[in-house]
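Student: My questions will all concern the structure given below.
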């Protein structure tokens with residue numbers, strides 16, 4: 001593993017929470033502290049006390065999906081610039097922590113929903129949504145592991161293509177997260193966010209096809225071409241999964257319609 | 001007090017039990033059936049408020065039944081309540097829509113016919129007219145209430161979980177109001193026929209007085225509560241499954257509309273308020289809790305899609321307004337004949 005001093009390595013991740021606040025989260029413990037602080041500031045009333053904690057957990061879980069995307073983007077940038085260096089491996093560890101925290105949050109929410117028999121009508125939909133969202137985080141993490149283990153040799157002329165594809169995929173997932181937040185608070189807005197998901201998914205498909213054409217049109221060994229195309233497909237499939245989440249959300253929102 | 005008094009009251013208590021077993025589902029069925037509210041919570045709230053409604057506001061509707069026919073012998077009242085209870089049981093077994101209110105009115109008319117007492121046609125017209133108006137009013141209340149609630153919720157943009165918590169609290173509050181209204185309006189069906197022959201005497205203790213009728217109503221309300229605790233869970237679960245297509249908001253609207261209607265036709269306070277303002281008063285008449293629910297559901301059905309309505313079911317309910325009192329009157333007449341001639345009981349004076 002090579003060492004590197006990548007100036008772009010970010011120490012904190014900007015997060016827009018469901019409540020509209022903007023935080024810079026530097027690590028896992030800070031994230032937990034912030035959640036706890038939010039819960040303390042919003043002193044639970046007797047009627048909404050339990051749900052407020054749960055709302056905070058769901059919001060934090062969705063924050064983790066966004067955070068995982070931002071880490072993924074930074075990690076791919078780092079890999080394209082410096083290969084699987086120490087900085088890249090740090091990002092991978094960050095991604096693992098985010099994945100682990102998201103898993104804990106998802107389990108806590110699921111257990112609470114069942115234990116307290118909350119939202120009986122929408123419980124199944126919410127559980128499926130959380131699991132699908134968790135799958136997106138797993139896909140980010142899985143891709144970083146693939147980069148770390150297989151260390152594909154990416155020629156410089158493909159760097160922009162990979163960066164653009166990654167950025168589009170991240171935006172697509174962020175739109176799906178916005179749609180998920182809207183499902184909980186404002187079902188009318190789900191449609192608007194879903195249309196963005198569809199747009200970015202199509203963009204990602206276009207970029208993926210274009211990049212694969214460039215790869216296969218280049219003078220490389222077939223095995224090398226196949227290896228690079230495999231990574232392109234694996235990144236692109238994250239956007240497809242986000243689109244599936246959006247499709248599910250469209251149905252869940254109709255079911256929630258008053 | 002003679003033990004036979006309680007024997008004669010048993011038919012009324014049975015009627016109360018069956019009312020609790022069946023009609024509590026109109027108040028808490030959706031909430032319990034969809035597991036939004038625990039059965040124990042529903043049963044406790046329902047029992048407390050049924051008792052309060054019956055004892056505090058039960059006299060109004062019972063008074064109207066008394067005008068229809070004042071049964072003046074305890075065995076006569078026993079027979080009328082038994083005939084009504086048997087009619088309700090038989091029609092329920094046959095899967096026909098039935099109302100305790102209509103059964104007890106038929107039984108009173110049966111007693112009038114047997115004893116030769118005159119039936120007050122003005123009161124009868126008022127009662128029958130109310131049966132037709134009750135589901136209509138429930139529907140009319142339900143539609144704007146639903147539209148207003150849905151508009152407020154859409155604007156409030158509450159989190160799904162917060163809306164869920166609010167819905168639970170609202171369903172319990174609406175259920176408490178519904179149980180109070182049920183006790184106030186329908187206690188007349190259970191104990192109304194016994195009021196003129198009540199074996200109790202007025203007493204007061206610690207500054208709180210209780211008339212003989214209120215003591216009867218308390219006894220009837222306890223019977224309703226026993227019905228709620230012992231048998232209503234099954235009915236509630238069935239109602240919950242049957243109405244699973246209904247949103248929590250719609251379910252709440254139906255319970256509130258039903259409760260308002262029952263309260264309107266039972267509240268003496270509202271009556272004096274309207275009279276004081278120089279407005280026409282609402283007759284205090286026992287109405288069918290189930291048909292108020294049907295009226296509210298039909299109102300919401302018409303709001304969404306007219307084709308959702310099963311008109312044949314509605315026609316069967318309307319037919320019940322005629323067939324139920326007829327069967328009950330006939331049964332009461334035959335039973336009074338047996339009680340008088342076979343068991344040598346004086347069923348009227």
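The values are calculated or read from the model by the stated rules, or taken from the named source; none is laboratory data. No experiment lies behind these values; they were computed from the predicted model shown. Note that each Cβ is placed from the backbone with ideal geometry, even for glycine, and that neighbours are counted across all protein chains shown.
Student: One residue is enough: does region B:275-282 have a residue meeting the conditions away from chain A (no Cβ under 14 Å), in a helix (DSSP H, G or I) and touching a helix residue (DSSP H, G or I) at 6+ places or on another chain (Cβ under 6 Å)?
Tutor: no
Student: OK, next. What pairs can you find where one residue is in region A:37-58 and within 11 Å of chain B (Cβ to nearest Cβ), the other is surrounded by 13 or more Cβ atoms within 10 Å (Cβ to Cβ) and at pLDDT below 70, and their Cβ atoms are less than 7 Å apart, with a gap of 6+ or different chains?
Tutor: Pairs that qualify, where the first residue is within 11 Å of chain B (Cβ to nearest Cβ) and the partner is surrounded by 13 or more Cβ atoms within 10 Å (Cβ to Cβ) and at pLDDT below 70, are A:52/A:42; A:52/A:44; A:53/A:39; A:53/A:44; A:56/A:35; A:56/A:38; A:56/A:39.
Student: When you scan region A:137-149, do you find a residue that is at pLDDT 95 or above, closer than 14 Å to residue A:208 by Cβ and not assigned by TED's automatic domain parsing to the domain that holds residue A:225, even just one?
Tutor: Looking through region A:137-149, at least one residue is at pLDDT 95 or above, closer than 14 Å to residue A:208 by Cβ and not assigned by TED's automatic domain parsing to the domain that holds residue A:225.
Student: Hey, any hits in region A:87-100 for a residue that's under 30 Å from residue B:152 (Cβ atoms), without any contact (Cβ under 8 Å) to a residue 12 or more places away in the chain and assigned to a helix (DSSP H, G or I)?
Tutor: no
Student: Please state which of the following conditions residue B:18 fails to meet, knowing it meets all the rest: (1) more than 15 Å from residue B:182 (Cβ to Cβ); (2) modelled with pLDDT under 90.
Tutor: Here residue B:18 clears every test but (1).
Student: Can you confirm whether region A:63-71 contains a residue that is more than 23 Å from residue A:182 (Cα to Cα), in contact with a helix residue (DSSP H, G or I) (Cβ under 9 Å, 6 or more places away or on another chain), surrounded by fewer than 16 Cβ atoms within 10 Å (Cβ to Cβ) and more than 14 Å from chain B (Cβ to nearest Cβ)?
Tutor: Within region A:63-71, not a single residue is more than 23 Å from residue A:182 (Cα to Cα), in contact with a helix residue (DSSP H, G or I) (Cβ under 9 Å, 6 or more places away or on another chain), surrounded by fewer than 16 Cβ atoms within 10 Å (Cβ to Cβ) and more than 14 Å from chain B (Cβ to nearest Cβ).
Student: What single numbered condition from (1) touching a residue at least 12 places away in the same chain (Cβ under 8 Å); (2) surrounded by fewer than 21 Cβ atoms within 10 Å (Cβ to Cβ); (3) within 14 Å of another protein chain (Cβ to nearest Cβ); (4) within 22 Å of the chain's Cα centre (by Cα) fails to hold for residue A:184?
Tutor: The failed condition is (2).
Student: Answer yes or no as to whether residue A:118 is surrounded by 21 or more Cβ atoms within 10 Å (Cβ to Cβ), within 14 Å of another protein chain (Cβ to nearest Cβ) and outside any helix (DSSP H, G or I).
Tutor: Spelling it out, residue A:118 is indeed surrounded by 21 or more Cβ atoms within 10 Å (Cβ to Cβ), within 14 Å of another protein chain (Cβ to nearest Cβ) and outside any helix (DSSP H, G or I).
Student: Do we have any residue at all in region B:30-43 that's surrounded by fewer than 24 Cβ atoms within 10 Å (Cβ to Cβ) and either under 23 Å from residue B:197 (Cβ atoms) or away from chain A (no Cβ under 14 Å) (or both)?
Tutor: yes
Student: If you check A:76, A:109, A:126, which single one turns out to be away from every other protein chain (no Cβ under 14 Å) and in a helix (DSSP H, G or I)?
Tutor: Exactly one of A:76, A:109, A:126 is away from every other protein chain (no Cβ under 14 Å) and in a helix (DSSP H, G or I), namely A:76.
Student: Which number in (1) crowded, with 16+ Cβ neighbours inside 10 Å; (2) within 23 Å of residue A:92 (Cβ to Cβ); (3) free of Cβ contacts under 8 Å to residues at least 12 places away in the same chain marks the one condition that residue A:189 misses?
Tutor: Unmet for residue A:189, out of (1) crowded, with 16+ Cβ neighbours inside 10 Å; (2) within 23 Å of residue A:92 (Cβ to Cβ); (3) free of Cβ contacts under 8 Å to residues at least 12 places away in the same chain: (2).
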